[in-house]
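Inspection log for the structure reproduced underneath, given as structure tokens.
Quick note: the coordinates plus some simple rules give every number you see, no bench work behind them. Given the structure is predicted, the values throughout are model-derived calculations rather than measurements. All Cβ positions, even for glycine, are placed from backbone atoms using ideal geometry, and neighbour counts span all protein chains on display.
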Amino acid sequence: MKTKINTIEALISEKARLKALYMAKEKEIENHLNVIQDNFGVMVLESIIPLNKSEKATSNYIFDTLHQIIAAWMPEAGEKLAKVGKWVRLVELLLTSIISRFVK
């Protein structure tokens with residue numbers, strides 16, 4: 001921004017505005033990094049073994065139903081699945097890709 005700052009109050013105001021903008025952008029970047037860290041394995045696997053949308057939707061439906069059944073029958077197993085969610089998701093993607101390749 002190429003505005004002239006003539007007074008000390010304007011300078012302080014601009015400094016506060018820029019600091020708020022900086023903090024907002026820093027938080028946004030932190031959120032993006034957290035998403036990448038939480039889903040890194042899944043993103044890598046999906047780029048190596050791509051699945052189309054219908055395959056993903058079908059596998060998500062099947063595995064979500066399976067998780068609900070397991071949680072209903074064995075609540076302690078459902079809690080354990082929730083704790084290791086990203087590893088379970090990786091295994092689900094591997095199974096889906098393997099099954100989809102052999103069924104076609």
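GNM remark for the chain: springs join alpha carbons under 10 Å apart, and the peak mean-square fluctuation among 20, 77, 57 falls on 20. Put a dot 7 Å past the Cα of residue 23, heading toward its Cβ, do the same for residue 38, and the two dots end up 2.3 nm apart.
Starting from the Cα coordinates of the chain, work out the convex hull volume and express it per residue in Å³. Mind showing how you got there, number by number?
Numbers: hull volume 16.5 nm³, N = 104.
Spelled out: Cα convex hull of the chain, divided by residues, is 158 Å³.
For the stretch 4-20, putting each phi into the Karplus relation 6.51 cos²θ - 1.76 cosθ + 1.60 with θ = phi - 60° gives couplings of 7, 9, 9, 10, 5, 5, 5, 5, 5, 5, 5, 4, 5, 5, 5, 5, 5 Hz, in residue order, rounded to whole numbers and with x for Gly and Pro. Taking 7 Å steps out from each Cα toward its Cβ at residue 71 and residue 11 produces label points 5.8 nm apart. The mean of 1/r over all pairs of different alpha-carbon atoms in the stretch 1-48, once inverted, gives a Kirkwood hydrodynamic radius of 13.6 Å.
Run the helix sum for the chain: -39,500 (n - 2.57) per DSSP H stretch of 4+ residues, divided by residue count, reported at 222 nm to the nearest 500 deg cm²/dmol. Let's see the in-between values first.
Values: 4 runs with 90 residues, N = 104.
Computed ellipticity for the chain at 222 nm equals -30500 deg cm²/dmol.
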